[in-house]
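For reference, the structure discussed in these notes is given below.
The values are calculated or read from the model by the stated rules, or taken from the named source; none is laboratory data. Keep in mind that what you see is a predicted model, and the values were worked out from it rather than measured. Quick reminder, even Gly has a Cβ in these numbers, built from the backbone with ideal geometry, and neighbours come from all protein chains shown. These area figures cover heavy atoms from the full protein model, side chains too; ligands, DNA and RNA do not enter into them. Shrake-Rupley method; radii C 1.70, N 1.55, O 1.52, S 1.80 Å.
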Amino acid sequence: MKRTLTITLTLLTLFASCQKDDLSWKNEINELKQELQSIKSLLNQLKDKTSIVRVTTDENGYTIEFSNGQTISISNGKDGQNAPSIIKIVENEDGFVFFFSDGTQITCPKVTQTLFLNYRNTSSNRMEVFIPGFTEDSQILWMFEQNLLNNLMTPMSCKEIPNESHDYLDGSTIISQGGTDWISPYIVHAVNNADGDFPSTSTSYFTGGFHGYKQLSSGVSATAKTISVSAYADGIKVNPGTSREAKTIMIQWKNLVQASNTEKEDGTGRYVLEEIVTCTMDYHKRVDVSIETIALEDIDIKRHYALQCSNGGFKGSVTYPPETTYEYDSISHAPAGCKEIQFNNGKYVFSMKSDDDFKYNKSTNYNVFYTNVHKGYFSAILADNDPVRLQQGMSIVFNGTYSVTKL
């Protein structure tokens with residue numbers, strides 16, 4: 001779990017406190033010096049045991065994120081009455097250098113963990129990404145491949161694997177949903193030339209994801225297809241049948257998706273949108289997902305479920321952070337404004353989180369929901385009565401994250 005330690009270096013309006021005596025001034029300055037020394041001691045301890053992931057700045061100061069999950073928030077300091085402060089943080093090839101106003105400096109190293117990608121040379125484009133540092137003895141494995149009715153590329157499962165192993169058969173499965181989709185079914189209609197088997201917009205079938213003709217999941221023609229799959233290790237393209245170590249692994253694929261009113265039983269339905277899915281993994285031990293939806297012609301989108309996740313085999317409670325929790329078998333809607341759903345089975349917490357502002361949710365006040373098929377959904381678009389129109393060439397992007405924590 002992430003712990004946050006907030007350390008404030010600001011002088012508390014020393015010059016405005018004219019009624020204080022000399023002893024009060026000295027005591028306050030000494031406290032500030034001791035506080036600064038505590039920061040230095042903490043940084044020195046951390047640099048020997050962990051690495052810095054990133055440093056971000058805002059109007060209040062700095063937030064430092066370490067590879068062990070700890071963060072330190074440091075507010076901007078001001079020089080005065082010999083009370084020193086952090087004056088700047090500089091990133092170089094080796095790490096981050098902290099400069100203090102008393103002339104001293106401390107260097108903390110960057111994270112150095114490397115991931116391992118195994119791109120199997122199979123027709124399914126199976127890829128296995130091993131991310132170290134899940135626990136002291138284990139790593140995370142994320143598996144991707146093409147499957148189900150539409151044969152789309154997708155995440156397949158998340159496993160805990162012993163350190164040093166690159167065998168996907170090792171370890172234990174955390175979460176898997178081979179019989180349903182993780183990403184992006186749509187209810188979408190072509191604005192013009194509705195030449196499918198269901199030309200009326202009053203008929204609304206899901207297409208894409210694992211939904212085939214008439215939104216069935218088996219025994220029918222496909223409504224989407226993957227047209228390209230690529231993998232990159234630190235920005236360098238990786239070929240099928242090879243393995244690579246890297247600090248950052250990116251897997252990207254492109255899909256074409258038909259509309260409800262252009263799909264045809266014989267499989268010749270017209271594709272109306274292109275979908276570019278990008279999954280990025282690094283030392284954060286999570287999967288960052290970006291879904292770009294591009295209109296190939298004028299379209300109206302009623303629903304886009306973006307990220308999804310089933311806990312059918314996980315069988316744990318369902319929580320909408322920070323504290324709204326339901327039983328595994330309950331149907332539920334997240335509180336207004338919620339952007340996360342968590343599954344907790346007593347051993348792991350699996351989280352699905354959104355960076356989206358859900359501005360296309362026009363018919364409800366909730367963004368996340370859970371159904372009686374034991375599956376959570378993000379409503380990137382939920383606009384049944386007022387569809388989102390994209391003209392040809394326009395696009396929208398949804399960003400979210402899958403992550404897991406061991407209890």
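Key figures
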read-out: Members of the stretch 239-259 that are open to solvent by 10 Å² or more (accessible area, probe 1.4 Å) and touching an Asp or Glu at 6+ places or on another chain (Cβ under 8 Å); value: 247, 248, 254, 256
read-out: Residues within the stretch 282-293 that are surrounded by fewer than 18 Cβ atoms within 10 Å (Cβ to Cβ) and closer than 30 Å to residue 200 by Cα, tallied; value: 1
read-out: Residues located in the stretch 307-345, provided they are open to solvent by less than 60 Å² (accessible area, probe 1.4 Å), within 19 Å of residue 404 (Cα to Cα) and in contact (Cβ under 8 Å) with a residue 40 or more places away in the chain; value: 307, 308, 309, 310, 311, 312, 314, 318, 320, 328, 343, 344
read-out: Candidate set: the stretch 198-226, residues that are aliphatic (A, V, I, L, M) and open to solvent by 30 Å² or more (accessible area, probe 1.4 Å); chosen: the one nearest to residue 310 (Cα to Cα); value: 216
read-out: Members of the stretch 127-142 found to be part of a strand (DSSP E or B) and either open to solvent by 10 Å² or more (accessible area, probe 1.4 Å) or not acidic (Asp, Glu) (or both), listed by number; value: 127, 129, 130, 131, 138, 139, 140, 141, 142
read-out: Test: residue in the stretch 252-274 that is of a type in the set (A, V, I, L, M) and under 21 Å from the mean Cα position of the chain (by Cα); value: no
read-out: Residue 262 surrounded by fewer than 19 Cβ atoms within 10 Å (Cβ to Cβ), touching a strand residue (DSSP E or B) at 6+ places or on another chain (Cβ under 7 Å) and in contact (Cβ under 8 Å) with a residue 12 or more places away in the chain; value: no
read-out: Flag for residue 119 being more than 30 Å from residue 202 (Cα to Cα) and open to solvent by less than 20 Å² (accessible area, probe 1.4 Å); value: yes
read-out: Matching residues in the stretch 185-226 - criterion: being in contact with a Phe, Trp or Tyr (Cβ under 8 Å, 6 or more places away or on another chain), of a type in the set (S, T, N, Q) and more than 19 Å from residue 297 (Cβ to Cβ); value: 215, 217, 221, 226
read-out: Which listed residue is farther than 29 Å from residue 391 by Cβ and either among the β-branched types (Val, Ile, Thr) or at pLDDT 95 or above (or both), from 331, 299, 294; value: 331
read-out: Any chance residue 141 is without any contact (Cβ under 8 Å) to a residue 24 or more places away in the chain, hydrophobic (A, V, I, L, M, F, W, C) and farther than 29 Å from residue 384 by Cβ; value: no
read-out: Failed condition for residue 301, given (1) surrounded by fewer than 18 Cβ atoms within 10 Å (Cβ to Cβ); (2) assigned to a strand (DSSP E or B); value: (1)
read-out: Filtered residue count, the stretch 271-292, keeping only those that are closer than 16 Å to residue 193 by Cα and assigned to a loop (DSSP other than H, G, I, E, B); value: 0
read-out: Selection status of residue 370, of a type in the set (Phe, Trp, Tyr) and open to solvent by 30 Å² or more (accessible area, probe 1.4 Å); value: no
